[in-house]
Amino acid sequence: MIRSILAAFALLVAITTAGNAQVTNLPDPQRPSLKPEAIINGDIVRIGDLVEHAGIVATVPIFRAPDLGDTGAVAADTVLEAVRKHGLIGVNVGDVREVTVTRASRTIPANEIEDAIAKTLSTRFDLGSSKDIVVNFAREMRAIHVEPSAKGEPRVANIDYDLRSGRFEATIEIPAGGGKRSTVQLSGRATATVEVATAARTIERGVVLKDADLIMERRTRTEVGRDVITNPAQAVGLAPRSSLQPGRPIRTAELMKPDLVQRNETVTLVYEVPGVMLTLRGKAAEGGAEGDVINVLNEQTKRTLQGVIVGPGRVAINNGSPRVASNNTTGSIVNANTR
C-alpha cells in the first residue's frame, strides 16, 4: 500500500511539473519582443523602435538610421547584443532572424524639379509654354527624399541660361523639416520644342489628308522654324502640292485645297444670269481646287472658255457671251425662278 501511495505521489509531482513547464513556455504579452520590421522618423534608431515592451530603455539610441527613403536590415543577434549593453535581457526573438528598418520620408519626384526649371525658363527667357520645354540634366535625376514633416514645393532660387546652346545651371531650394530649406546645384540643357505634323508615309500630290495620314512629333523650334503645321486640324481636308515624305515636318505652304476638277475630266459648265441658268457639258483643260480659274472646252462649240471651279466637276463660266446658249443644242436651260 505504501508503494502505491508513493507511486501516486510521484505521478502527481510529474503532472504538476509538466504543467508548470507548459505555463513557463507560454508567451508573456509584456515580455520584450523583437519586431520583424520598423519605420523610423529621424536619423536615430532607438531600442523601442526595434523591441516591443522595451520599458524604460525604449528611448535609448543604439543605431544610426538609413538615409531618407532607404531601407536596411539588422541581424537579430546584433540587436540583442546592442540592447543587452543597456540592461535589456530575455528578449523574445521568435522566428525573427533580422529586422527590416525603413527611414520614413516625403518623396519629391524628379519631374517636379523639371517642371520648376521649365516654368522659370519660360518666364525669364521667353521660351514659350513651359510644357513645350524639354529639360535634360547633366547627371541622372532621381527623386529626392526629405523629412515627412517638410512642407512646400521645390523652387528655383537662381538660374543661368545660354539661349544659343540651351545649357543651364540652377540652384534649387528643397523643403526640409522644421520650415527650413536645403539647396541642390543642378545643370543640364533645356530646349524649347513644338509638336509638328509629319506624314505617316509617302503621300502623293493631290491626295486629301486624313487624321491617319499624320503623326505628331516633338521637334526643337530652331529645327523646324516657322510656317509648320502644329495642329492636325490645320492639314486634314487639304492636299499636298507635291509628294510628302514621312518624318518631315509639313509646312502650310506645302498644302492646298484638294482638286475638285482633274485635267481632261468631263465637267458641267454652268452659265447663269438673273432668272436663267444654263448647264452644258465640257472638258477641263487643267485641274484645280475650289475657287481656281481654269480653262474648259465646250465640247459642242469647241470653244475654250474660262470658268471658276465651284464644286466637284462643276465650273461656273465667267464669259458673259450669251452665244454659248445658242451654240449648244444639248445643253439645258433652267428658269431661275422655278429652280
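The values are calculated or read from the model by the stated rules, or taken from the named source; none is laboratory data. In this text, all values refer to a predicted model and were calculated from it rather than measured experimentally. As a convention, Cβ positions derive from the backbone with ideal geometry for all residues, glycine included, and neighbour counts pool all protein chains shown.
Side notes on the structure shown:
- Exactly one residue among Asp49, Asp70 is closer than 13 Å to Arg103 by Cα, crowded, with 17+ Cβ neighbours inside 10 Å and not hydrophobic (A, V, I, L, M, F, W, C), and that residue is Asp49.
- Scanning the stretch 269-309 for residues that are of a type in the set (S, T, N, Q) and either surrounded by 16 or more Cβ atoms within 10 Å (Cβ to Cβ) or farther than 24 Å from Leu238 by Cα (or both) gives Thr279, Asn298, Gln300, Thr301, Thr304, Gln306.
- Any hit, the stretch 143-154, residues being of a type in the set (A, V, I, L, M) and under 30 Å from Val261 (Cβ atoms): no
- For the stretch 73-95, filtered to residues that are out of contact with any Ser or Thr (no Cβ under 8 Å at 6 or more places or on another chain) and of a type in the set (Gly, Ala, Ser), the residue that is nearest to Ile62 (Cα to Cα) is Ala82.
- Residue in the stretch 207-227 that is under 30 Å from His145 (Cβ atoms) and either more than 23 Å from the chain's Cα centre (by Cα) or of a type in the set (Lys, Arg) (or both) present: no
- Extreme residue, surrounded by the fewest Cβ atoms within 10 Å (Cβ to Cβ), among residues of the stretch 83-95 that are part of a loop (DSSP other than H, G, I, E, B) and on the phi < 0 side of the Ramachandran plot: Asp95
- Flag for Asp49 being part of a helix (DSSP H, G or I), closer than 29 Å to Arg142 by Cβ and either at pLDDT below 95 or charged (D, E, K, R) (or both): yes
- Filtered by the rule that a residue be of a type outside the set (Lys, Arg), more than 30 Å from Thr220 (Cβ to Cβ), more than 26 Å from the chain's Cα centre (by Cα) and assigned to a loop (DSSP other than H, G, I, E, B), the stretch 140-186 gives Glu147, Pro148, Ser149, Ala150, Ala176.
- Which listed residue, of Ile133, Ile172, is farther than 30 Å from Arg64 by Cα and either surrounded by fewer than 18 Cβ atoms within 10 Å (Cβ to Cβ) or not assigned by TED's automatic domain parsing to the domain that holds Asp49 (or both): Ile133
- Scan of the stretch 96-129 for residues that are buried (at least 18 other Cβ atoms within 10 Å of the Cβ) and assigned to a helix (DSSP H, G or I), ordered by number: Ile113, Glu114, Ala116, Ile117, Ala118, Thr120, Leu121, Ser122
This table checks each residue for (1) outside any helix (DSSP H, G or I); (2) under 44 Å from the mean Cα position of the chain (by Cα).
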| position | (1), (2) |
| --- | --- |
| Ser242 | yes, yes |
| Ala253 | no, yes |
| Tyr271 | yes, no |
| Asn295 | yes, no |
| Gln300 | yes, no |
| Leu305 | yes, no |
| Ile309 | yes, no |
